[in-house]
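The next block holds one structure in the form of structure tokens; read it before the comments.
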Amino acid sequence: MKILKVVLLSMIAVGLVFSSAFAAGNVEKGKALLNDPKLGGGTAGKSCNSCHPDGKGLEKAADKKEFNLGGKKQKGLVAAINFCIENANKGKALDPKSYQMKDIVAYIKSLKGKAPAEKPKEKGK
């Protein structure tokens, strides 16, 4: 009986670990989504990467509670992401609970503390 309890508790613990990992989002998928010009059905022919190559400018976004974009305040990272999808990419806002949004947020959070990507220097300068 004791072995059965240990096995059951172990299975529950493993399940909780995996469910929280999936709930957190997938960094690689998030990075791919930021390179997709059709994210949210975008029609501008631009991706998030057009304005944020390799995540440039997003290094501190994970900690921000409020964003000032286009003269409008956005409360939180999810609202800021959707603002950009709707306005810059001419797409439709993502469901805040969707896997796509979780993946994008996970990618942006992975940039925290990284040095901004530098532009390659032109020859002769």
Counting just the residues of region 68-93 that are of a type in the set (Val, Ile, Thr) and out of contact with any Gly (no Cβ under 7 Å at 6 or more places or on another chain), which one comes out surrounded by the fewest Cβ atoms within 10 Å (Cβ to Cβ)? Val78
Determine if region 58-67 includes at least one residue that is crowded, with 17+ Cβ neighbours inside 10 Å, at pLDDT 90 or above, under 19 Å from Met101 (Cβ atoms) and out of contact with any strand residue (DSSP E or B) (no Cβ under 6 Å at 6 or more places or on another chain). yes
Could you grab the pairs with beta carbons closer than 6 Å, sequence gap of 6+ or different chains, first residue in region 26-50 and over 12 Å from Lys92 (Cα atoms) and among the acidic types (Asp, Glu), second one part of a loop (DSSP other than H, G, I, E, B) and at pLDDT below 95? Asp36/Ser47
Can you tell me which residue in region 70-92 is farthest from Lys102 (Cα to Cα), limited to those that are among the polar types (S, T, N, Q) and out of contact with any helix residue (DSSP H, G or I) (no Cβ under 7 Å at 6 or more places or on another chain)? Asn87
Is at least one residue of region 103-114 among the small types (Gly, Ala, Ser) and assigned to a loop (DSSP other than H, G, I, E, B)? yes
Evaluate the following for Ser98: is it of a type in the set (Ser, Thr, Tyr), farther than 14 Å from Cys48 by Cβ and surrounded by fewer than 17 Cβ atoms within 10 Å (Cβ to Cβ)? yes
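The values are calculated or read from the model by the stated rules, or taken from the named source; none is laboratory data. What you see is a predicted model, and the numbers here were worked out from it, not measured in a lab. When we count neighbours, we look across all protein chains shown, and the Cβ atoms used for this are built from the backbone with ideal geometry, even at glycine.
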